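A quick write-up on the structure given underneath.
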Amino acid sequence: MLGKPATVGFMSYTRRRTALRERLRELELDALLVTDLLNLRYLTGFTGSNGALLVHAEGDEHSVFATDGRYLTQSHQEVPDLRRVIDRSIRSRLAKDAVAGGIGRLGFESHVMTVDGHTALAKVTGADVLVAASRPVEMLRMIKDDAEIAALRAACAAADTALAGLLAEGGLRPGRTEREVARDLEARMVAAGAAGPSFETIVATGANSAVPHHRPTDAPLRRGDLLKMDFGALVEGYHSDMTRTVVLGVVAGWQRELYDLVAAAQAAGRLALRSGADVRDVDAAARDVITHAGYGEDFLHSLGHGVGLQIHEAPALSQFGVGTLAAGMAVTVEPGVYLAGRGGVRIEDTLVVSDGEPELLTLTTKDLVVVPC
């Protein structure tokens, strides 16, 4: 069993709101209305299903958190350091109070606000007060602080522990179905300290392993199959992500060659993962290995993505990505080659970017495992 993961403290939330205020000043906003629930959790620690936050540019003493009566007790426990409003119409209430308090430029999260939601706010504030602000909190979330990295480590450790137990206790054997293996992995992650899986577990055997996001079926595992497992654990709201591909019983020459190719590409991608690196160059480092071997068209997705409060978040390690990496970003590196009708291999790790070598969080071996059966 894993020990209890590190808890994100109130001081972390205070620092995050302070950092956001710097961005508000750059955008010449008097305040930001935060309505995305993951961003709300990031800034306050609130885990309920209905809430909003007015982040005032002048400080927390002017900021207000709002939720409805269902979360009266929970919000008192999770958000003790901000003034709270309990109201069913949380967005309108915060916006109305903001304007009454003299705010002239109120930012809103334009990437999540619906047209109807904007219309309702404009009736309260006047349309000229509202200013679209796209992803200011998500920009902060790309760089993980120490508490977030601790939660990611714990999530990755839970996944590592689950797979180790599955392998040691004969959980990968002919006759078991993809669905049975997926449910077994998920139960083992919970037993290892996770709140649950971080996404729907992928278990794909034989020809199904050539489908990048195959959903588990009642297909039985067979001796000689490639078996691809893509799974992750959820700890304190933070997601891990790992893929390992094994062979059951006996490995064919083409399977080993394919595995060695993907392993070489994955190693090249990890080696390119440095602070300051262009995300397209990191993708190319791995993709070029596969392309030069003649399998470029069989690498069907980007190299990786950010992970954190979402399983897929910025930055994108992609041929079409934009931007550079920075220390503290948590990302996956997951090249794959998929041969339709035969089988596929993907190898994926979660890592934290640094100024030097990245920190590897998923520690299960990447050597080809041939499961005895």
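Bear in mind that the values in this text are calculations on the coordinates, not laboratory data. From a predicted model like this one, the values you see are computed outputs, not experimental measurements. So basically every Cβ, Gly included, is an ideal-geometry build from the backbone, and we count neighbours across all protein chains shown.
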Amide H neighbours of Val131 at under 5 Å, excluding residues fewer than 5 places away on the same chain, with H built from the backbone geometry, are Leu106, Gly107, Phe108
Matching label, percent of Cα pairs over 29 Å apart computed from the structure shown, candidates [x] 52; [y] 42; [z] 48: [z]
Show me, for region 207-219, the HN-Hα J-couplings you get by feeding each phi into the Karplus relation (A = 6.51, B = -1.76, C = 1.60, θ = phi - 60°), rounded to Hz, glycine and proline as x. 5, 5, 5, 7, 9, x, 10, 4, 9, x, 10, 8, 4
Taking every DSSP bridge whose two residues both lie in region 146-371, the antiparallel percent to the nearest 5 is 95 percent
If you project the alpha carbons of region 266-306 onto the principal axes, what extent comes out on each, in Å, largest first? 30, 17, 14
The distance between the Cα centres of region 242-306 and region 53-69, in whole Å, is 45 Å
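Nearest 5 is fine: what % of DSSP beta bridges in region 10-141 come out antiparallel, could you say? Display every interim value, and only then the final one.
Numbers: 8 of 19 bridges.
Counting DSSP beta bridges with both partners in region 10-141, the antiparallel share is about 40 percent.
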With a 10 Å Cβ neighbour count serving as the proxy for reagent exposure, in which order, fewest first, do Asp160, Asp241 appear? Asp160, Asp241
Kindly provide the chymotrypsin sites (Phe, Trp or Tyr not before Pro) of region 245-332 that DSSP labels as loop, not H, G, I, E or B, and whose Cβ sees at most 10 other Cβ atoms within 10 Å. Phe320
Vicinal HN-Hα couplings computed from phi for region 264-271 (Karplus, 6.51 cos²θ - 1.76 cosθ + 1.60; Hz; Gly/Pro x): 5, 5, 5, 5, 5, x, 5, 5
Rounded to the nearest 500, the 222 nm mean residue ellipticity computed for the chain from DSSP H runs (n ≥ 4, each -39500 (n - 2.57)) alone is -11000 deg cm²/dmol
What residue among Leu20, Ala66, Leu121 has its Cα farthest toward the positive end of the dipole of region 10-141, where the charges are +1 on Lys, Arg and -1 on Asp, Glu, each on the Cβ? Ala66
Pop a pseudo-label 7 angstrom from the Cα along the beta-carbon direction at both Asp278 and Asp367 and give the gap in nm to one decimal. 3.8 nm
Please identify, among Thr114, Thr291, Thr362, the residue showing maximal mean-square fluctuation in a Gaussian network model of the chain using a 10 angstrom Cα cutoff. Thr114
Which of the peptides 150-157, 125-132 is most tightly packed, and how do the rest follow, going by the mean number of other Cβ atoms within 10 Å of each residue? 150-157, 125-132
Using a 10 angstrom cutoff on alpha carbons, build the Gaussian network for the chain and name the most mobile of Ala316, Ala210, Ala252. Ala252
Within the chain, which is the longest segment that contains none of the GluC sites (Glu not before Pro) sitting in a DSSP loop with at most 15 other Cβ atoms within 10 Å? 201-373
List, in order, the whole-Hz ³J(HN,Hα) value for each residue of region 284-301 obtained from phi through the Karplus relation with A = 6.51, B = -1.76, C = 1.60 and θ = phi - 60°; use x for Gly and Pro. 5, 4, 7, 5, 4, 4, 6, 5, 5, 8, x, 10, x, 6, 9, 9, 9, 8
Find the relative contact order for region 146-371 and round it to a whole percent, using C-alpha pairs within less than 8 Å whose residues are 6+ positions apart. 22 percent
Could you check which residue among His111, His213, His56 shows the biggest mean-square fluctuation in a GNM of the chain with a 10 Å Cα cutoff? His111
Sites matching trypsin sites (Lys or Arg not before Pro) across region 315-373 that sit in DSSP coil, with at most 16 neighbouring C-beta atoms within 10 Å: Arg342
Please state the relative contact order of region 85-155 as a whole percent: Cα pairs under 8 Å, 6+ residues apart? 33 percent
